[in-house]
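What follows is a structure written as structure tokens; I'll ask about it next.
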């Protein structure tokens, strides 16, 4: 038997509120997304979750996909990217590396084929996946509950942000399930870490050029109400800083010296640090909040250090 499923992604504004979905039939589908991401990230995650959801089955999988980017990444480009240390032919880093590495792991040992279908052309399965991916993106845009779907029958789903099992049911006539879940790609924290150690590690992660170039990874680390006062005194909002960082061309990571952390409450940590880059050294003050079990950067200020 061959499982036939469509996988699709959607991003309002691209980048913007983003969703992904895979669809087999009205009782077998799943969806998720992020407050800020790209269409390509949604396309990748749809295929990843489909592969993960069917990993327990010894059956062939035919993936209907309207993204040439995803198909070519798996069938043509991935081996070369891996040989070059996840860099393209011109030496620039491959975008969406985190998701691509997950996809590479997910296809190992699987019997699968990709079939390209034209998007928005009336293909029933593709349209069903598209509708669900777009519904998630719209829910994030409006602040509504996220329609995650029932998943694969008999297989539990886990909220990547909290590690908790998600209970979701749906029938052919019930419509999308209304459990709200935000998928965090970076929440696999080591159990031995203290809260202060977690926050320090995430602060350094935000200085990594590979992370800064990936809008979904940056967005996952920032609080929805994030604000930053930059070196120049400019006030940045969350969406503006995500877009600014993704456009950076400097591949050199800034040096980092942790000066201290202070727990202002069980859910709030103030971090101070010194960074060094081509522009000189700066002092950083960062306020991290724990939201639904995850640490997110709520406020940051960078001040050039006097010589």
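Any read-out appearing in this document is the output of simple, stated calculations on the displayed coordinates, not a laboratory observation. Computed from a prediction, not measured in an experiment: that's the story for all the values here. Don't worry about glycine lacking a Cβ; one is built from the backbone with ideal geometry, like all the others, and counts go over all protein chains shown.
For the range 1-65, state the semi-axes of the equivalent ellipsoid (square roots of 5 times the eigenvalues of the alpha-carbon gyration tensor), sorted largest first and rounded to whole angstrom. Before the final figure, lay out the partial values.
Values: eigenvalues 111, 19, 17 Å².
Calculated on Cα positions only, the semi-axes equal 24, 10, 9 Å.
In a solvent-free Debye calculation with one equal scatterer on each Cα, what is log10 I(q)/I(0) for the range 258-307 at q = 0.26 Å⁻¹, listed in the order of the q values?
For the requested q values the scattering log ratios are -0.93.
Okay, moving on. Could the peptides 46-55, 198-207 be put in order, highest first, of the mean number of other beta-carbon atoms found within 10 Å of their residues?
Listed from highest to lowest mean packing, they are 46-55, 198-207.
Would you please report the Å³ per residue occupied by the convex hull of the alpha carbon atoms in the range 195-304? All intermediate terms of the calculation are to be shown ahead of the outcome.
Values: hull volume 10.3 nm³, N = 110.
Residue-normalised Cα hull volume stands at 93 Å³.
Consider just the alpha-carbon atoms of the range 1-127 and return their Rg together with their Dmax, both in angstrom.
For the range 1-127, the Cα radius of gyration and maximum Cα-Cα distance read 14.3, 45 Å.
Here's another thing I want to ask about it. Return the percentage of antiparallel bridges among DSSP beta bridges fully within the range 2-166, rounded to the nearest 5 %.
Counting only bridges with both partners in the range 2-166, antiparallel ones make up about 60 percent.
Packing-wise, with mean Cβ within 10 Å as the measure, how do 5-11, 289-295, 39-45, 20-26 rank, highest first? Numbers along the way, then the final one.
On the way: 5-11: 28.4, 289-295: 16.4, 39-45: 26.7, 20-26: 24.1.
Packing order, densest peptide first, comes out as 5-11, 39-45, 20-26, 289-295.
How would the range 34-90 be classified by its alpha-carbon gyration tensor: rounded, prolate or oblate, with rounded meaning a/c under 1.5 and the a/b versus b/c comparison settling the rest?
Working: a/c = 1.99, a/b = 1.33, b/c = 1.49.
Here the range 34-90 falls in the oblate category.
Okay, next question. Output the relative contact order of the range 195-304, whole-number percent, from Cα pairs under 8 angstrom with separation of 6+ residues.
Values: 199 pairs, mean separation 29.3, N = 110.
Relative contact order comes out at 27 percent.
Could you order peptides 30-38, 267-275, 224-232 by the average number of other Cβ atoms within 10 Å of their residues, highest first?
Numbers: 30-38: 27.3, 267-275: 17.1, 224-232: 15.0.
Averaged packing, sorted descending, gives the order 30-38, 267-275, 224-232.
Report relative contact order for the range 2-166 in percent, whole number only (criteria: Cα-Cα under 8 Å, sequence separation at least 6).
Once divided by the residue count of the range 2-166, the mean separation gives 33 percent.
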